[in-house]
Amino acid sequence: MGMKKAAILLIILFGGVLNLQGQEKYWSLEECINHAIENNIMIKQQELQTQVQENTLQQSKLGLLPSLNGTATNNWSFGRALDETTYQFTEEQNVRSNQFFASAGLTLFSGLQNYNTILRNRYNVDASFQDLQNIKDDISLNVALAYLQILLNQELVTVTENQLETTREQIGKTEKMVEAGSLPRGNLLEIQAQAAREELQLINMENQLDLSYLNIVQLLELDSVDGFDIIVPEIQISEAGMITENVRDIYNTAKETRPEVLSAELRLKSSEYDLKIAKGGRSPRLNLNTSFSTGYSSIRQKILGIDPVEGVLYGEYPFSDQVNDNINYGIGLTLSIPVFNGWQVSTGISNSRINIRNSQYSLENTKKQLYKNIQQAYADAQASLKSYIASRKAVESMQESFRYTEQRFNVGMVTPVEYNTAKAQLLNAESELAQSKYEYIFKIKVLDFYKGLPLKLN
């Protein structure tokens, strides 16, 4: 019985471990970007705005169809009423009447305003799609930066852990040398103090790593960081052939593909059609109209015939007969010629021209800002590459220097202060190397992004 209970307990514990392992997911950069795009609130709002623009375009197309409207009324009147049979008023009558009316209209010409409205709305839809893509691109860059920040903080944590482990090993060596009388006890206390400082530094680095995880989880619209981790790709940096294009080449590629530029160009086109619509207000308007009506009145009587003695004979006038007999329909054309409307059309044309100039300035400013961004990213990438190369050389030199200092410290030729200084310099050099590495990677990815390349780390 005891063995059976133990087996059940093992199954439960093992199953719990498997469940916890199954909840953990390692995210690649591409998965993070896709998830952020699918769940970001700003993107969802822009998608709704794009749908509104599509509805507006669809409505402008449907506006070319004829209009058709109908009305039907049923009324009761009491007291004095007009008898349409004799055209005499009657007293104390309860009258029920019905009226049926239908009308249709079609705009034959309106200065091409309807046609130009469709074209304008089509440009607005396309511009809205580009605005949506621009938001997605911004989210993608933010996610990539947050992803690289995690990689940087992980590397800084590893560097600090390695330094702390080296210090702890040195504490063990120093303790033996102090016990043997080779070194004074002050050396051991100084190394132990250095270990305490490095432990605090490690805690700070781990806190920064936790915050970087929280940042990317919030960008992904996830509820918690529990079970979230990222894939650590292998990233190699070569000094040769890193930035092959110049700023102008990258800009010439970017201005043809970047959504913010395309959106500004489309909105300029839209404003040009706004001007055509405004000018259409000066043209005559020609409308085709048609109508159909009929009615019924309970007081009305039908003429049955004429009696030589009694005169006109009246009888009941059924509903269906009245509706058929009272049918009236017609068709007509209406020509409206604008003569004077308080300068509204002229003012609209003037404002449309101003909007075109404003759109031109917006397009020019967007292109200039794009060039500045590329120029800055290019300069940052070159500077960070130089910084990375210099930091790598500095680390190599610091490692050799620290090994030499450590050997001299072990035989008592270097004071603990000098040893800790060399160790701190090595830690700073390794930290600067990691920072320059990921700063360069991000700037390169920004330039690749401007060139239309997808965000990938390997």
Test for D138: is it at pLDDT 95 or above, part of a helix (DSSP H, G or I) and out of contact with any Phe, Trp or Tyr (no Cβ under 8 Å at 6 or more places or on another chain): no
Hits in region 308-334 (condition: exposed (fewer than 10 other Cβ atoms within 10 Å of the Cβ), farther than 30 Å from L108 by Cβ and not charged (D, E, K, R)): P308, V309, G311, S320
Selection status of S291, in a helix (DSSP H, G or I), in contact (Cβ under 8 Å) with a residue 60 or more places away in the chain, of a type outside the set (A, V, I, L, M, F, W, C) and surrounded by 12 or more Cβ atoms within 10 Å (Cβ to Cβ): no
Residue in region 211-247 that is farthest from K443 (Cα to Cα), counting only those that are surrounded by 12 or more Cβ atoms within 10 Å (Cβ to Cβ) and charged (D, E, K, R): E221
Qualifying residues in region 139-192 (those that are under 53 Å from the mean Cα position of the chain (by Cα) and of a type in the set (D, E)) - the one farthest from I203 (Cα to Cα): E169
Inter-residue pairs, beta-carbon under 6 Å, first surrounded by fewer than 19 Cβ atoms within 10 Å (Cβ to Cβ) and in region 360-384, second polar (S, T, N, Q), 6+ apart: none
Residue in region 151-170 that is charged (D, E, K, R), free of Cβ contacts under 8 Å to residues at least 12 places away in the same chain, assigned to a helix (DSSP H, G or I) and exposed (fewer than 15 other Cβ atoms within 10 Å of the Cβ) present: yes
Test set (1) touching a Gly at 6+ places or on another chain (Cβ under 6 Å); (2) part of a loop (DSSP other than H, G, I, E, B) - A278 fails condition number: (2)
Test: residue in region 295-317 that is out of contact with any helix residue (DSSP H, G or I) (no Cβ under 7 Å at 6 or more places or on another chain) and assigned to a helix (DSSP H, G or I): no
Extreme residue, farthest from N55 (Cα to Cα), among residues of region 98-131 that are in contact with a strand residue (DSSP E or B) (Cβ under 9 Å, 6 or more places away or on another chain) and of a type in the set (F, W, Y): F100
Residues of region 254-288 classified as surrounded by fewer than 16 Cβ atoms within 10 Å (Cβ to Cβ) and among the hydroxyl-bearing types (S, T, Y), total: 1
First in region 305-327 and of a type in the set (A, V, I, L, M), second anywhere and at pLDDT 85 or above and not in a loop (DSSP other than H, G, I, E, B), Cβ under 7 Å, 6 or more apart: V323/T294; V323/Y296; I327/T294
Top-ranked residue in region 407-423 [being at pLDDT 80 or above, surrounded by fewer than 18 Cβ atoms within 10 Å (Cβ to Cβ) and within 55 Å of the chain's Cα centre (by Cα); ranked as farthest from P233 (Cα to Cα)]: E418
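Here is a yes/no grid of residues against (1) crowded, with 19+ Cβ neighbours inside 10 Å; (2) in contact with a Gly (Cβ under 8 Å, 6 or more places away or on another chain); (3) hydrophobic (A, V, I, L, M, F, W, C):
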residue	(1), (2), (3)
L62	no, no, yes
S77	no, no, no
S128	yes, no, no
S140	yes, no, no
Yes/no for I299 being of a type in the set (V, I, T) and exposed (fewer than 15 other Cβ atoms within 10 Å of the Cβ): no
Where a residue in region 446-457 is more than 11 Å from D137 (Cβ to Cβ) and its partner, wherever it lies, is aliphatic (A, V, I, L, M), with Cβ under 7 Å and at least six apart: L447/I250; L447/A377; L447/A381; K451/I250; K451/A254; K456/L29; L457/L29; L457/I235
Region 386-406: number of residues that are within 11 Å of L433 (Cα to Cα) and β-branched (V, I, T): 2
Hits in region 189-219 (condition: at pLDDT 90 or above and among the β-branched types (V, I, T)): I203, I216, V217
Checking G330 against (1) assigned to a strand (DSSP E or B); (2) closer than 24 Å to T244 by Cβ, the condition it does not meet: (2)
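Quick one: would you say V178 is at pLDDT below 85, of a type outside the set (S, T, Y) and out of contact with any Asp or Glu (no Cβ under 8 Å at 6 or more places or on another chain)?
Numbers: at pLDDT below 85: yes; of a type outside the set (S, T, Y): yes; out of contact with any Asp or Glu (no Cβ under 8 Å at 6 or more places or on another chain): yes.
When the stated conditions are applied, V178 passes them.
The values are calculated or read from the model by the stated rules, or taken from the named source; none is laboratory data. Computed from a predicted structure; not experimentally measured. We place every Cβ from the backbone using ideal geometry, glycine too, and count neighbours over all the protein chains shown.
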